[in-house]
Structures are given as C-alpha cells and as structure tokens.
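This report refers to the structure that appears directly beneath it.
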Amino acid sequence: MAIITLTSDFGLKDPYVAVLKGAIYAELEQATIVDISHLISPFNIHEGAYTLKTAYQHYPKGSIHIIGIDSEKTPEQPHVVALYDGHYFIGADNGIFLLIAPKGNFEMLITIDLPDKTLTPTHIFARAACHIARGGRLELLGRRVQTVKEVKNLTPSLNNNENLITGNVIHVDNYGNVVTNITKNWFDLIRKGRAFEITVLNYKFTKIYNKYSESINFDIANEKRNEDGKKLALFNEAGYLELAIYKSNLQTVGGASSLLGLRYPDSVFINFID
C-alpha cells in the first residue's frame, strides 16, 4: 500500500488536519499517512514547494503527496494530480507543481473531475489519493492536460553581464536559518571559479561552508572560541543557499531571521568578482 504524505498550511490549532486524515481513513482504513509539515506559512507555495521537494525524495517511488496549500478550486485554479519522478502529487494548480518540477518533465497531468460537486478540497484530495493507493488509473479521476500554471515571481535571476544573481528568501526553518531559492547547481554554473560576495540587507558573506561546524576553528580551545552566534552561509542538504547563525535558537539567542532581520521574500544578491 502506497504511503500518503500531507503538506499543508492548515496549522496545528484547528481541526483541518484531523478532518483530512479522517477523510482518508474513511476511504481506506489501512492507509499509511505521514505528516511532512502543517506549518507552511498561509498560501506560501514557495515555502511549501521547498519543503515538499526536499522531503519527497526520501520516500519510496509510488508515494502519494497531498498538498493542502491554497487548495480551493476556482475557474483559474483546478485540482490536479501530477505524476513526477515516480511520485504522485495532488493539489491545486496554483503554481506549486512547476516549483517542485521546474523543468516541467511530468510523466502525466490530470485535472481532477469527480462526479460529486459538493465535495470540499479535503475530501477531493482524500478520494484521489485513496484511488491511486488502491492502484486505480489516473485517467479515471479526470481529463489529461499538458501544462500547469507557472509563477514568475520569486524566480532567481541573472543580469545581462552574468555577474549578479538576485534571489529571495523562501523559508525560515525552526532554528531561524534563512533558506533562499538559489541552488548550488545554478551558483556553480554561473560562478565559473570567480570570487563572490553575498549581500543581504546590510550584511555580507564572502565564503560558503559545506556544513555549520566548518565555520568554527576547533584548534582553538572551546572556552576561548566564543563563536556561538557566528554568521555563516552554506548550501544545505537540499542544495539551497542558506544563511545561518551557528547554534542559533529563536527562543534564546536568536537566529539569522531575527538577528539579521530577514524574512520571506527579502532579496539576496550574489555579486561575482572578475
């Protein structure tokens, strides 16, 4: 039986997550449900795409991923099932699918059209997911389409001289670390061995680390280091540029988001020096 994952902006205070899980179990009692996150900022498809894109690859092929972010169906925003990289993604066509699969190389796209027009998005997604989990054909959920919506805002850009990347903050994690939409692959492609300077607000970074602890000189005795709170840049495990504070804690010492004053969708600049 395929795993069904849930990623949403429902939060944890209200009954919305429980309703979605109940709808799934009502359709398929033996379902295996995994919560990826329900704390995506409301309607923030960029944060949702980053979270799901980072997580889904660790699940078996054939897993089904319900996306409950800006999920209401409208004439401009149909419900869609996308088969991509051997995984099924179910959500509203609000731009999130092409954020997960930027090249648009979907194996199949289906606009969901269930007979019962009174169903809420929660129950539509639950029925579609359970249909797939039972081995049902995608074509039975609706009609096949060729494209999904593309969002142009918050896409990293390169100037004509190819010496300046402009990106944006798309996510702030539990530690207050700030994730941008600039990937390591793109950075390496543009850099071509050049020196660089990362600028965000009034702060600059001239080095990118491979991991947080790499920024600390462990040859110096611990009591003499005093490097907690050090600002650093690195490419995180998902391959995105991240600005961080070493051993940050939003509840005590603060994090990059609070200490540097960064939040979604602040701009981040990388200037390459010839």
(request) Report the one residue of V148, N44, A128 whose Cα lies farthest in the direction of the positive end of the charge dipole of the chain (charges on C-beta: Lys and Arg +1, Asp and Glu -1; origin at the Cα centre). (result) V148
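In the stretch 115-151, which trypsin sites (Lys or Arg not before Pro) fall in coil by DSSP and have 13 or fewer other Cβ atoms within 10 Å?
Working: sites: K117, R127, R134, R137, R143, R144, K149; in loops: K117, R134, R137, K149.
Qualifying residues, ordered by number: K117, R134, R137.
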(request) Would you mind checking the tilt of helix 16-27 against the longest principal axis of the Cα atoms of the chain, expressed as 0 to 90 degrees and rounded to 10? (result) 40
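Using the C-alpha gyration tensor of the chain, what are the square roots of 5 times its eigenvalues, in whole angstrom, with the largest one first?
On the way: eigenvalues 293, 93, 49 Å².
One finds semi-axes of 38, 22, 16 Å for the chain.
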(message) Can you tell me which of K53, K152, K73 moves the most in a GNM of the chain? Springs connect C-alpha atoms under 10 Å apart.
(response) K152
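Calculate, in nm to one decimal, what R194 and A26 gain on full extension: separation in residues at 0.36 nm each, minus their alpha carbon distance. Intermediate values should be presented prior to the final figure.
Numbers: separation 168, 0.36 × 168 = 60.48 nm, distance 5.72 nm.
Working it through step by step, the gained length comes to 54.8 nm.
Could you check how many percent of all C-alpha pairs in the stretch 3-144 are farther apart than 26 Å?
Tail of the P(r) past 26 Å holds 12 percent of the pairs.
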(message) Let me check against my output: what whole-number percent is the relative contact order of the chain, with C-alpha pairs under 8 Å and at least 6 apart?
(response) 16
(message) Starting from 0.36 nm per residue, how many nanometres of slack lie between K231 and N105 once their C-alpha separation is accounted for?
(response) 41.6 nm
(message) Can you tell me which lysines have their Cα less than 26 Å from the Cα of K211? Leave out same-chain residues fewer than eight positions away.
(response) K53, K184, K192, K224, K230, K231, K247
(request) Quick one: angle between helix 121-133 and the longest Cα principal axis of the chain, in degrees between 0 and 90, rounded to 10, please. (result) 80
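How about the stretch 1-105: which GluC sites (Glu not before Pro) there lie in a loop by DSSP and see at most 16 other Cβ atoms within 10 Å?
Numbers: sites: E27, E29, E47, E72, E76; in loops: E29, E72, E76.
The qualifying sites are E29, E72, E76.
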(request) With springs only between Cα atoms under 10 Å apart, run a GNM on the chain and tell me which of L260, L12, L243 wobbles the most. (result) L12
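If you count the DSSP beta bridges with both ends in the chain, what percent of them are antiparallel, to the nearest 5? Walk me through the numbers on the way to the answer.
Numbers: 41 of 56 bridges.
Bridges in the chain that DSSP calls antiparallel: roughly 75 percent.
Which translational diffusion coefficient, to the nearest whole µm²/s, is obtained for the stretch 86-204 from the Stokes-Einstein equation, given a Kirkwood hydrodynamic radius over C-alpha pairs, 20 °C and 1.002 mPa s?
Value of D from the Cα-based Kirkwood radius: 120 µm²/s.
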(request) Could you work out how far apart the two model spin labels at T74 and T206 are, taking each label as a point 7 Å from the Cα in the direction of the beta carbon, and quote it in nm? (result) 4.8
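FYI, it's all coordinate maths here, none of it is from the lab. These figures come from a predicted structure and were not determined experimentally. Because the Cβ atoms are built from the backbone with ideal geometry, glycine has one as well, and the counts that use them run over all protein chains shown.
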